[in-house]
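The structure appears below as structure tokens.
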Amino acid sequence: MSTTTLAMSFLRRLDPERAHNLTVWALARGLGPLDGGSDDPVLACQYFGYDFSNPIGVAAGFDKDARAYAGLLRMGFGFTEIGTVTPLPQVGNPKPRLFRLPRDGAVINRMGFNNQGMEAAAGRLINRDVGGIVGVNIGKNKETEDAAVDYEACAERLAPFADYIVINVSSPNTPGLRALQDADVLTRLITVVRAAAERSRKGAPPPLLVKIAPDLTSGDKQDIAAMALEQAVDGLIISNTTIERPDSLQEPASTEPGGLSGAPLFALSTAVLGDMYKLTEGRITLIGAGGVSSGADAYAKIRAGASLVQLYSAMALKGPGLVRNVKTGLSERLKADGFARVTDAVGVAFR
Ligand SMILES: Cc1cc2nc3c(=O)[nH]c(=O)nc-3n(C[C@H](O)[C@H](O)[C@H](O)COP(=O)(O)O)c2cc1C
């Protein structure tokens, strides 16, 4: 039995939040697994002015406080995203607030942006000594009334260390957050965040992305797509967790309030991704997230319009060896379908 398999069977016995904290602790100390192999050249791609050796990234929420990004990159991810970071530290919702649904291949969380705040994140990013692409996902403190003030503060403080910034307006666990997806409200947020990032990066702000929920009406999607094109946002991340509970769920924990992620989110988030690809006419870089646990899943996201892919829940359920399997499965599928570069497969489902 490998050390990683042993560690996973130990972690699965622990309360999910403790297991997660222990994993982050280990990664922060360089104790995580290393990806020995190099990436297949078919997976190399360029977005936002960066070279990605593969398009598979870690979704936000895993490394909320920027402790583990170096370990995650060493595990073989092509990029990672810290956060969601808020201006002030906050404890989040009462525990328990993280639930595994193993038979459903799913997770439910209602963490509520527990994080140590932007100063702590800045302190860990400032001495970044690893290469690799690290995005910064920002949000608001629970008690803040004017959300724009918080997004502005985070952008100003963290833009100098961010390879890209994500405006997260889609977590279901902060009251009122998803209402910020209204196109007019979002336009104001983007303007404020962009100006703050420009100031603190002296005129050269990092790429700006918006992360959206899967639970949107067709009107919402149309408005967000039009806004994204008008505001020339650099990318959209599709999607966050869902508040829906598909009938297929078997685990008793499926009735817990919060956001559902993992396998039962795959179809819904991929459908929204495809809708947004069509509505933005392929003119905006899309990052597909939601239920990816294999090369086939990643390939389906790419065919539906994702240029890059992120995952979280599958790693929590299956362990870190997953990233190598996803990359291998993806390159096999690309080659079998005659694609020389992963970029050539983006959106082919609609061509
Ligand atoms: C425990 C947990 C915490 C999360 N926290 C955040 C967060 O802080 N910010 C965010 O934008 N997304 C957060 N997410 C959502 C993920 O980034 C991702 O969008 C979603 O889980 C779908 O991907 P998956 O099915 O691969 O997990 C969280 C997800 C989980 C499971």
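With both residues required to sit in the chain, DSSP beta bridges show an antiparallel share near 30%. Each of Phe113, Phe48 was scored by other Cβ atoms within 10 Å of its Cβ. Listed from fewest to most, they are Phe48, Phe113. Among residues other than Asp247 with Cβ under 15 Å from its Cβ, the summed charge is -1 (Lys and Arg +1, Asp and Glu -1).
Under the classification rounded if a/c is under 1.5, otherwise prolate if a/b is larger than b/c and oblate if not, where does region 36-141 fall, given a ≥ b ≥ c as square roots of the Cα gyration tensor eigenvalues? Cα axes put region 36-141 in the oblate bin. Taking Cβ atoms as reference points and 13 Å as the exclusive limit, the residues near Pro175 contribute a net charge of +2, counting Lys and Arg as +1 and Asp and Glu as -1. Taking 18 Å as the straight-line reach from the Cα of Lys140, the lysines in range (excluding those fewer than 8 positions away in the same chain) are Lys64, Lys211.
Taking other Cβ atoms within 10 Å as a rough exposure proxy, Leu249, Leu34 sort from fewest to most as Leu34, Leu249. Distance from the alpha carbon centroid of region 136-202 to that of region 10-49 works out to 27 angstrom. Among beta bridges from DSSP that stay inside region 137-267, the antiparallel ones total about 10%. For the chain, modelled as a GNM whose springs connect Cα atoms under 10 angstrom apart, the maximal fluctuation among Asp65, Asp297, Asp15 occurs at Asp15.
Each Lys or Arg adds one and each Asp or Glu subtracts one; over the other residues with Cβ under 14 Å from the Cβ of Leu31, this totals +3. For region 107-161, what class follows from the C-alpha gyration tensor (a ≥ b ≥ c being the square roots of its eigenvalues): rounded when a/c is under 1.5, otherwise prolate if a/b is larger than b/c, else oblate? Taking the square roots of the gyration eigenvalues as a ≥ b ≥ c, region 107-161 is oblate.
Modelled spin-label separation between Asp51 and Val149, with each label point placed 7 Å from Cα along the Cα-to-Cβ direction: 4.5 nm. Classify region 204-351 as rounded, prolate or oblate, taking a ≥ b ≥ c as the square roots of the eigenvalues of its Cα gyration tensor: rounded when a/c is under 1.5, otherwise prolate if a/b is larger than b/c and oblate if not. Judged from the Cα gyration tensor, region 204-351 comes out oblate (a/c at least 1.5, b/c at or above a/b). As a proxy for reagent exposure, ranking Asp247, Asp163 by other Cβ atoms within 10 Å from fewest up yields Asp247, Asp163.
FYI, it's all coordinate maths here, none of it is from the lab. What you see is a predicted model, and the numbers here were worked out from it, not measured in a lab. With ideal geometry, Cβ positions are generated from the backbone for all residues, glycine too; neighbour counts draw on all protein chains shown.
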